[in-house]
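Worksheet: one structure, shown below.
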Amino acid sequence: MAMRDETRMLLESMERLFHDKCTKEVVDTAEKGAFATELWQAISETGVPLAALPESAGGADAAWSDLYAVLRVAGRHSAPVPLAETMLAGWVAAAAGLELSDGPTTVGPVRSGDILRVERDGNGWRLSGRASRLPYGGAAQRIVLLADGPDGEMAVSVNGTEGAEVVKGRNIAGEPRDTLIFHRVRLSADLVAPVGGGTTRAALYRRGALARATMMSGALERALDLAVTYAQERQQFGRPISKFQAVQQNLAVLAGQTAAAVAAANAGIDVLSRDDPQAEEFYVAVAKTRVGEAATLACEIAHQVHGAIGFTQEYALQHSTRRLWSWREEFGADPEWAARLGAFVCGRGADRLWATVTELS
């Protein structure tokens, strides 16, 4: 399908923004603990973080397919900001009629085993439970959570880490992954509301997994670009190493894995507009599994091509590969999604595999 002119212009604009504002120095500084405020401000001014929301909620009714395409660009540049989390937090909050913010926001829980609960307390609520490894949990101005309530799932909006016990953490890419523990934290009535618009915890988990798969496909594109460029420039025995058949074969495998990852992520993105949880479950599982497999092999090849220099702090490859290793574990690692995919297909019957693929496509 040909790309719409509006989508092309958006991606070109965001590519320029990340190229100018998300430099290696910005990423290195963020990994040392400083939030990339200038980068976030530039992204926020575009309106992209909340663009998917309806105009009545301050958004632009943008297509999720366009915004996930922006996430691929962000992944390509190793952007150290909670862009995906802010998009998803806005989606949950707007559907529940909760207060929104264009500041850095995160959303959770992001782990399937974490449980949050709200209980009534007079005119307000009490929030209890744990949100583990929350992306940018300690740096976010607002945190949107999904919790079990007396009448079903509830959306909760928290002003930063107010009232929470915070256990700082980071993934191997140096991105904040903080654990927030709530001990019956008091919340006013306007900060808790029933979920709406299909923003269940299962839907959040699916969309978060797809966001990570999409970002990973961008990081794979960057790793491929760096590997090809390095192979063309690096001289060995009087000629570029790109002239050696073994290197060419490895680069071809890397290119194939990257193309497969992009295609799998795009297949997942294509079903978002259909409001079909079964199709989402199937294609997100395919995307997270396939992209995770591609990342494992691609990182190995990219570092083989570069040799030792690829692991050094001075070279940019490690920004992409460390994120690939980190992101493949978030919102469910590929073995979890592979098991979910298998259970989904087996549940419909082995003799209906082809019908399952064609019916959900």
Over the chain: helical MRE at 222 nm, DSSP H runs n ≥ 4 each giving -39500 (n - 2.57), nearest 500:
-17000 deg cm²/dmol
Diffusion coefficient, µm² s⁻¹, Stokes-Einstein with Kirkwood Rh over alpha-carbon pairs of the stretch 201-360 at 20 °C and 1.002 mPa s:
129
Between the stretch 20-61 and the stretch 239-315, the Cα center-to-center distance that results, in Å:
25
Which order do 299, 346 fall in if you start with the one that has the fewest other Cβ atoms within 10 Å?
346, 299
Which of the lysines could a cross-linker bridge to residue 21, judged by Cα under 28 Å and excluding same-chain residues fewer than eight apart?
32, 168
Hey, fewest Cβ within 10 Å first, where do 81, 107 land in order?
81, 107
How far, in nm, would the chain grow between residue 56 and residue 263 when pulled straight, counting 0.36 nm per residue and subtracting the alpha carbon separation?
71.2 nm
Using Cα-only point scatterers and the Debye equation, what is log10 of I(q)/I(0) for the stretch 86-149 at each q in 0.16, 0.27 Å⁻¹, rounded to two decimals?
-0.54, -1.24
Quick check for you: which residues of the stretch 115-139 have the amide N under 20 Å from the point 7 Å beyond the Cα of residue 37 toward its beta carbon?
136-139
Using alpha carbon coordinates only, what is the Rg to Rh ratio of the stretch 102-197, with Rh defined as the Kirkwood radius?
0.96
Calculate the FRET efficiency for residue 233 and residue 357 from the Cβ-Cβ distance with a Förster distance of 45 Å, rounded to the nearest 0.05.
0.60
Less than 12 Å apart at the alpha-carbon level, and either on another chain or at least 8 residues along: which aspartates and glutamates does that give for residue 24?
314
For residue 94, what is the net charge nearby, where nearby means another residue's Cβ is under 12 Å from its Cβ and Lys, Arg count +1, Asp, Glu -1?
-3
√(5λ) per eigenvalue of the Cα gyration tensor, the chain, largest first, Å
35, 24, 19
Spin-label model distance (nm) - residue 28 vs residue 348, 7 Å beyond Cα toward Cβ:
4.9
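A short reminder: the numbers here are calculations on the coordinates, not readings from a lab. Bear in mind the structure is a predicted one, so any value in this text is a computation, not a measurement. Here Cβ is always computed from backbone atoms with ideal geometry, including for glycine, and neighbour counts include all displayed protein chains.
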